[in-house]
Amino acid sequence: MDALTRRAFLHGTTRAAVGVSVVAWGCGSEAEQETEPPSPESDSLAARARARGLLYGAAVEADRLSSDGAFSAAVARECNILVPEVSMKWAALRPTASSYDFTRGDALAAIARSNGQRLRGHTLVWHQALPAWFATTVDAGNAERFLREHIASVAGHYAGQMHSWDVVNEAIDTSSGRADGLRDTPWLRFLGPRHLDLAFTTAATADPAALLTYNEYGLELTSSAARRQATLGLLTGLKDRGVPVHALGIQGHVGGAAWSQFDPVAFGDFVDRVVTLGLKVFITELDVRDDHLPGDQTQRDQGVAAIYKAYLETALARPQVTTVLTWGLSDKYTWLASQSPRGDKLPVRPLPLDNAMQRKPAWQAVAEAFQRAVARPTS
Ligand code: XIL
């Protein structure tokens, strides 16, 4: 692959790897679009996304793909981009202060490569998933060295393979009492807000081809106004200082009781303002909590699907939203089982596929949202 083709592959701006015909259903009237389409093997979220110049993928871990053939086949079929759910976080990569263990990350990179899928990195700077040694080793005196070394080593290790990196994750906490809304993290305590600039500039040097992303949650609701403002402030500051940042990652952990506060107008305006800064927007961790919905499976699946539909309708109306990842693909493996269990103890059903890798109404909702999306530019 020449450099231009490689860049286009990494960022999903080529349809070279298609090999799947565009599904023709749903191009007619609204009524036809609502009709449930056939779901032949050749149809997939990956194919639907690709047909619109979008990327679709999921957070997965290599060990589950190796141990579960049905899951592995579903991920290979449905996704054209993967992100590690755990294995590229500090706690996974850094057994000691002076060593790295890339085994699990490399295993996922190899799977993505053999499937012809792109890869995202997650995440270089986060206040969670820090190894136990961190608290007793890193301090104000050495934090800059640790931050630089970690990012140079990790982003350097995967250089040329990454579509994008979540360089900084969840730096906003508007209850911190700070005017800029920055979260009280070890990195902020040791280095101040300049750790953000440091992280992005170090990542840019280590992997010049990756799209460098700031990743944040809690941006969709009426009550998210302060978080949206702080996120815009953070991004505006980075851009004004000439820091290399290319995209905002919107996590999209949605649903639950708070969903009644979904504010599509404010959310859409926010995405538009981010775009005005010259940034791309990725939906990076979409899943739908179902603990507010009835236990009845049919009703629950319809309720979850309706949330996917509403959320993606707003997000995908903006052509700068180029990538959608769900945080998992099948209900068999979801962090929400422990994070947001249902009061009635029924297994949660937040993702496009069920436990048996069968497509749910949520799959149809995502597929139809892709189908309805305006085609993204291909270059
Ligand atoms: C979660 C994983 O899904 C869990 O398995 C892990 O125990 C904790 O982290 N926002 C993020 C992700 O950016 O890294 C989190 O992933 C979910 C919330």
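Values in this text are rule-based calculations from the coordinates and carry no lab data. Note that this is a predicted model, so its numbers are computed, not measured. A quick note on method: Cβ atoms are made from the backbone with ideal geometry, for glycine too, and the neighbour counts reach across all protein chains shown.
Worth pointing out:
- Taking the longest Cα principal axis of the chain as reference, the axis of helix 264-276 is set at about 50 degrees.
- Evaluated over the chain, the count of Lys pairs having alpha-carbon atoms less than 18 Å apart is 4 (only pairs 8 or more residues apart or interchain).
- Of all DSSP beta bridges in the chain, antiparallel share, percent nearest 5: 10 percent
- Residue among 103, 202, 298 with the largest mean-square fluctuation in a Gaussian network model of the chain, springs linking Cα atoms under 10 Å: 298
- 15 Å reach of a label modelled at residue 276, 7 Å along Cα-to-Cβ, counting backbone N of region 242-267: 266-267
- 3J(HN,Hα) along region 223-232, derived from phi through the Karplus expression 6.51 cos²θ - 1.76 cosθ + 1.60 where θ = phi - 60°, amounts to 6, 8, 4, 5, 5, 4, 5, 5, 5, 4 Hz, with x in place of Gly and Pro.
- Residue order, fewest to most surrounding Cβ atoms within 10 angstrom, among 201, 96: 96, 201
- Our note on the geometry: Cα centres of region 101-119 and region 286-334, 26 Å apart.
- DSSP-assigned coil residues among GluC sites (Glu not before Pro) in region 59-156, each with at most 10 further Cβ atoms within 10 Å: none
- Evaluating 6.51 cos²θ - 1.76 cosθ + 1.60 at θ = phi - 60° for every residue in region 240-254, the Karplus couplings come out as 4, 8, x, 6, x, 10, 10, 8, 9, x, 9, 4, x, 7, 10 Hz, glycine and proline recorded as x.
- Cα→Cβ-extended label distance, 7 Å offset, between residue 9 and residue 184, nm: 4.8 nm
- Working note: Karplus 6.51/-1.76/1.60 with θ = phi - 60° gives region 123-134 the couplings 8, 8, 10, 8, 7, 9, 6, 8, x, 4, 5, 4 Hz, where Gly and Pro are set to x.
- Applying 1/(1 + (r/R0)^6) with R0 = 35 Å to the Cβ-Cβ distance of residue 337 and residue 148 gives a FRET efficiency near 0.40.
- Theoretical gain in end-to-end length, residue 225 to residue 99 [0.36 nm per residue, Cα-Cα removed]: 41.2 nm
- Using 0.36 nm per residue and subtracting the Cα-Cα separation, the extra length available between residue 66 and residue 240 on full extension is 58.2 nm.
- Amide H partners (placed H, <5 Å) of residue 173, local residues excluded: 182, 183
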